[in-house]
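*Asks:* So that we are looking at the same thing, I have put the structure below in structure tokens.
Values in this text are rule-based calculations from the coordinates and carry no lab data. Small disclaimer: the values here were computed from a predicted structure and weren't measured. Heads up, the Cβs are rebuilt from the backbone with ideal geometry, glycines too, and the neighbour counts pull from every protein chain shown.
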Protein chains: 2
Amino acid sequence: MSENNNDTSILMHPIGFVDNSIFEPASAREKKNTESLIVLKSEYAEGLDSITDFDKIQVFFYFHLSEGFPMIQKRRYDGKMAGVFASRSPKRPNGIGVTVVELLKVDNNILHVKGLDAINGTPILDIKPYISE
Amino acid sequence: MSENNNDTSILMHPIGFVDNSIFEPASAREKKNTESLIVLKSEYAEGLDSITDFDKIQVFFYFHLSEGFPMIQKRRYDGKMAGVFASRSPKRPNGIGVTVVELLKVDNNILHVKGLDAINGTPILDIKPYISE
């Protein structure tokens with residue numbers, strides 16, 4: 001049941017990078033007030049059409065500095081030891097991070113956002129409108 | 001500003017697969033009431049420790065049937081033509097999907113969830129606790 005023909009590796013390519021003043025991993029609280037630029041590769045600029053219809057967007061990024069993943073980790077949420085999938089730690093099998101950020105402004109291929117929980121140079125994988133669930 | 005040393009491809013590996021009764025892409029509304037199994041590879045079972053601390057989890061998956069991505073698409077949200085990043089369409093540069101689901105039960109490496117917006121056989125990339133933002 002757990003194995004099938006889709007069990008191949010998946011190749012992703014950054015669509016852009018984070019440009020902000022955070023150069024080392026820090027607490028989420030500090031990052032929440034930081035303004036960041038998301039600089040998309042110019043060929044993706046058209047894909048931002050109508051994004052300002054939304055006040056908030058989900059930014060998907062890659063934890064490029066993380067190496068390895070303890071299956072049980074101390075999680076920040078409550079300080080408890082817990083499985084990697086019960087934690088939002090950057091140390092995970094596929095290093096996908098996602099943050100809901102406030103969209104401040106868009107200039108061509110550059111998004112100005114507030115609250116991005118990612119350091120300078122972080123590769124961006126995707127951007128989606130945030131629709132409250 | 002847009003290019004740097006992190007601009008390499010990123011390799012991901014499914015951590016498991018969706019097992020449910022949805023065999024063709026359908027409307028999100030239908031899927032919202034469907035119960036699904038998420039069958040993780042057995043080596044990841046330990047990573048589910050303490051996940052039942054949460055009623056809802058974020059499931060990250062790969063749109064394995066999507067091919068190509070129109071930069072401008074008609075989006076389901078309001079029927080308007082919009083950029084791919086202003087849409088949650090499965091047709092996107094890196095085919096990452098994410099859904100917040102209700103966690104019903106966990107048996108070893110198998111999660112029982114409700115509301116997963118993904119078809120049978122979809123590769124799972126990550127699972128995180130959902131913490132309201």
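*Asks:* For A:Leu11, go 7 angstrom from Cα along the Cα-to-Cβ vector, then report the distances to that same point in the other copies in nm, smallest first.
*Replies:* The answer, with the shortest distance listed first, is 1.1 nm.
*Asks:* What share of Cα pairs, in percent, lie more than 16 angstrom apart in segment A:16-129?
*Replies:* 60
*Asks:* Where the convex hull is taken over the Cα atoms of the protein assembly as shown, what is its projected area averaged over directions, in nm²? Don't jump to the answer; show the numbers that get you there.
*Replies:* Working: hull surface 52.0 nm².
If you wrap the Cα atoms of the protein assembly as shown in a convex hull and average its projections, you get 13.0 nm².
*Asks:* Over the alpha-carbon set of segment A:48-90, work out the extent along each principal axis and list the three values in angstrom, largest first.
*Replies:* 42, 23, 13
*Asks:* Follow-up. By count of other Cβ within 10 Å, fewest leading, how are B:Arg88, A:Arg76 ordered? Write down the numbers at each step before the final one.
*Replies:* Details: B:Arg88 20, A:Arg76 12.
Exposure proxy ranking, most exposed first: A:Arg76, B:Arg88.
*Asks:* A follow-up question, please. Past 26 Å, Cα to Cα: identify those pairs from A:Lys41/A:Lys105; A:Lys41/B:Lys114; B:Lys32/B:Lys105, in the order given.
*Replies:* A:Lys41/B:Lys114
*Asks:* How long is the gain from A:Lys91 to A:Ser9 if the chain were fully straight, where each residue apart is worth 0.36 nm and the alpha carbon distance is subtracted?
*Replies:* Stretched out fully, the A:Lys91 to A:Ser9 stretch lengthens by 27.6 nm.
*Asks:* Sticking with the crude label model, points 7 Å out along Cα→Cβ, report the distance from B:Lys80 to B:Ser66 in nm, one decimal please.
*Replies:* 2.0
*Asks:* If we count other beta carbons within 10 Å of each Cβ, what is the order of A:Glu35, B:Glu24, fewest first?
*Replies:* Least crowded to most crowded, the residues run B:Glu24, A:Glu35.
*Asks:* At A:Glu24, with labels set 7 Å past Cα in the Cβ direction, how many nm apart are the copies from this one, shortest first?
*Replies:* Here A:Glu24 shows inter-copy label distances of 5.7 nm.
*Asks:* Extension gain A:Asp107-A:Thr52, at 0.36 nm per residue separation less the Cα-Cα distance, in nm?
*Replies:* Computed gain between A:Asp107 and A:Thr52 is 18.7 nm.
*Asks:* Sticking with this one: Taking a label point 7 Å out from Cα toward Cβ, give me the nm distances from B:Pro70 to the same spot in the other copies, shortest first, one decimal.
*Replies:* Spacings between copies for this position, smallest first, are 4.9 nm.
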